[in-house]
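Chemist: Take a look at this one; I'll ask things after.
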Amino acid sequence: RRRPAHERMQRWVEQMQSYAGRHPRRYPDLDSAVQRMQDANQHLSAEQAYHLTLHGTSRNEDGTYSWKFDNYVRQHSPYEFNMDEARRLWGRITCPALLVRGTESWATDPEKDGRASAFRQAQCVDIAKAGHWMHHDQLYAFLSMVRNFLQQTG
């Protein structure tokens, strides 16, 4: 059921206020944060997990580590995403578009769910053994697909 705009706005304000008091999770050392990165992104090599963690964390005053993360990005807009409007917007894109998806991603397949058909010139590709971060999970496969696409369309 779609809630009235005033209810959505009130809920959004309340959630924004609750996020103001949240504190990021703290990890006792960099290795603990690296382990968290690996647990959440199992396709990453140890080297990738370390690199992303090193550059994705800040050292706190007490020596612990926290992710460089804005809690407010968790908050959804009070304005609902409208698929019909999105399809009209995507239909205005005149250049070729490459839609890349990791086969192990939480995201649905844009060809199967119909999103790809909204684009004038969409090419859809899947990358096996990759999640939502396919550019980290399968870097060379991702780069190869992008290069091929640019050579074909450029």
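No lab work stands behind these numbers, since they all come straight from the coordinates. These numbers come from a predicted model, not from an experiment. Cβ sites come from the backbone with ideal geometry, for glycine too, and all protein chains shown count toward neighbours.
Chemist: Helix by helix through the chain, keep the DSSP H runs that span 20 Å or more along the axis on Cα and average at least 0.0 on Kyte-Doolittle, and give those back in order. Could the numbers behind the result be given before it?
Modeler: Details: long enough: 5-20 (23 Å, -1.32); 139-153 (21 Å, 0.47).
Span-like helices here: 139-153.
Chemist: Next question, about the same structure. Add -39500 (n - 2.57) for each DSSP H run of 4 or more in the chain, then divide by its residues: what number comes out at 222 nm, to the nearest 500 deg cm²/dmol?
Modeler: Details: 6 runs with 66 residues, N = 154.
That comes out to -13000 deg cm²/dmol.
Chemist: How high is the relative contact order of region 83-153, in percent, counting Cα pairs under 8 Å that sit 6 or more residues apart? Working shown, then result.
Modeler: On the way: 96 pairs, mean separation 23.3, N = 71.
Once divided by the residue count of region 83-153, the mean separation gives 33 percent.
Chemist: Once you put a point 7 Å from the Cα of Asp31 and another 7 Å from the Cα of Lys112, both along the Cβ direction, what distance in nm separates them?
Modeler: Taking the simple label geometry, Asp31 and Lys112 are separated by 4.1 nm.
Chemist: Report the extension gain between Glu85 and Gln151 in nm, rounded to one decimal, defined as 0.36 nm multiplied by the number of residues separating them, less their alpha carbon distance. Intermediate values should be presented prior to the final figure.
Modeler: Values: separation 66, 0.36 × 66 = 23.76 nm, distance 3.12 nm.
Result: 20.6 nm gained on full extension.
Chemist: Then there is this: Assuming a ≥ b ≥ c are the square roots of the Cα gyration tensor eigenvalues, decide whether region 83-153 counts as rounded (a/c under 1.5), prolate (otherwise, with a/b larger than b/c) or oblate.
Modeler: Values: a/c = 2.73, a/b = 1.36, b/c = 2.01.
Verdict is oblate for region 83-153.
Chemist: Largest first, please: the extent of the C-alpha atoms of the chain along each principal axis, to the nearest Å.
Modeler: Projected onto its principal axes, the Cα set of the chain covers 53, 47, 25 Å.
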